[in-house]
């Protein structure tokens, strides 16, 4: 233990020599110091376990070693609550904060959760309510005379205003909002113009990219990880058409316009495409900010939008090239008797059933999301999948929380299941070589897979340059669509 204390002191010395102005020590989030503080984890029976005074002994010794090693101001970050039974709780953290103030700490940085047991709180995921950490920081702020730092999904101008007016926040800490939009703070101070690209708190690109080994990415910001790649201005005047106003089409149009090209964006229905369905599930409301941002960006960059279905006659001889972003459509399985069914359109308010027995065919992201939306309306859910991993293409935190909710609400999971035929309200299937059936089914939802929808390419490419982007080229997720639209437009 003494060696560990010395390592912290030595690390602080290196930080000071490297020119850092402030050191923050992590007392929360399930890391080493928190493992001593937390009664859930600390089962020691010596002077470092048991009572509150004993559990904070090692962290305070470490703090003192750091303070004795350098002449830098020290911030301590804590979890106001680990969000687990028997874990760190706010009353003890208030007492710890008072002690830290007496020790000479200049500020308390108040977060929540533990990376070991409650990662949704640690990462401030879209599935957990915004503002819980703000309430904790406010309660600590009242009890100490040093600044508290507020953190946790601060990703809009409204959040900043609320923290100032309602919480009298001394400082705020911003993280992922700067990944989504590096100019977030500049735009708040009106020193940088333009719409704010919103962080959705989905962690699909940032955490997902890092965990997959691909490095830091962002669902909404295709430039993350490519900051050194210049977007060159147009070298000559060209006029492009974009067909399809989903995520890929909108991003391509914005990028082309920023480069100096002219672009007409054709959309036969509403901008946003299938992504308009994403926020209709219970825990993904934050995703409702993305399409409005794109609309604002299109208007800010003066992209001409034509609300009509594009035809060959609209495009040929009128443009120097066309970007096809016509998206994808459900790939329906060939099942005898499959006549009346829904796809993700069941999420629309006018289609949502109540108190029905629902069979969902397909257990990937779409199927699981649909299930979580139907369960709160007292529907009984059966979800079938040909393989075993339900939600296999989902971000891990969203997957775990969704499946947990489904299991708690009595969802029937049927893996290795092949639907053979449908007769009225009876669905016949095969599971692991045995014939089974599902009776009294009121609603069938098909969410098996998607296939590219690209009706214009073959004829157009005979007469003009054609560039296919997003799902129209290869079915993927929202991040894939945005990045593909960006990269294609960047290279034209």
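The values are calculated or read from the model by the stated rules, or taken from the named source; none is laboratory data. Keep in mind that what you see is a predicted model, and the values were worked out from it rather than measured. Note: ideal-geometry Cβ built from the backbone for every residue, glycine included; neighbour counts use all protein chains shown.
Details
- Residue in the stretch 112-130 that is in the same structural domain as residue 32 (by TED's automatic domain parsing), modelled with pLDDT of 95 or more and more than 22 Å from the chain's Cα centre (by Cα) present: no
- Among (1) more than 21 Å from residue 444 (Cβ to Cβ); (2) assigned to a strand (DSSP E or B); (3) not assigned by TED's automatic domain parsing to the domain that holds residue 474 - the single one residue 322 does not satisfy: (3)
- The single condition among (1) in a loop (DSSP other than H, G, I, E, B); (2) out of contact with any helix residue (DSSP H, G or I) (no Cβ under 6 Å at 6 or more places or on another chain); (3) more than 30 Å from residue 356 (Cα to Cα) that residue 454 does not meet is (2).
- Condition check for residue 282: farther than 26 Å from residue 177 by Cβ, touching a residue at least 24 places away in the same chain (Cβ under 8 Å) and not assigned by TED's automatic domain parsing to the domain that holds residue 399: no
- Residues that are outside any loop (DSSP other than H, G, I, E, B) and crowded, with 18+ Cβ neighbours inside 10 Å, drawn from the stretch 139-162: 140, 141, 148, 149, 150, 159, 160
- Remark: residue 151 falls outside the filter, which requires a residue to be closer than 22 Å to residue 401 by Cβ and within 14 Å of the chain's Cα centre (by Cα).
- Only a single item in (1) modelled with pLDDT under 95; (2) touching a helix residue (DSSP H, G or I) at 6+ places or on another chain (Cβ under 8 Å); (3) more than 23 Å from residue 366 (Cβ to Cβ); (4) not in a helix (DSSP H, G or I) is not met by residue 462, and it is number (2).
- For the stretch 1-111, the strands (runs of 3 or more DSSP E) that sit wholly inside it and include 2 or more residues that are buried (at least 21 other Cβ atoms within 10 Å of the Cβ) are 74-79, 107-111.
- The residue list 143, 139, 193 contains one member that is in the same structural domain as residue 88 (by TED's automatic domain parsing) and farther than 28 Å from residue 283 by Cα, which is 143.
- Any hit, the stretch 329-344, residues being within 19 Å of residue 283 (Cβ to Cβ), crowded, with 16+ Cβ neighbours inside 10 Å and touching a strand residue (DSSP E or B) at 6+ places or on another chain (Cβ under 6 Å): no
- Residues being touching a residue at least 40 places away in the same chain (Cβ under 8 Å) and part of a loop (DSSP other than H, G, I, E, B) - total across the stretch 186-217: 13
- If you filter the stretch 474-486 down to residues that are free of Cβ contacts under 8 Å to residues at least 60 places away in the same chain and assigned to a loop (DSSP other than H, G, I, E, B), you find that the one that is surrounded by the most Cβ atoms within 10 Å (Cβ to Cβ) is 476.
- Any chance residue 247 is under 14 Å from residue 325 (Cβ atoms) and not assigned by TED's automatic domain parsing to the domain that holds residue 406: yes
- Any hit, the stretch 166-185, residues being buried (at least 19 other Cβ atoms within 10 Å of the Cβ), in a loop (DSSP other than H, G, I, E, B), at pLDDT 95 or above and assigned by TED's automatic domain parsing to the domain that holds residue 129: yes
- Qualifying residue in the stretch 332-353 (condition: without any contact (Cβ under 8 Å) to a residue 40 or more places away in the chain, in a loop (DSSP other than H, G, I, E, B) and assigned by TED's automatic domain parsing to the domain that holds residue 395): yes
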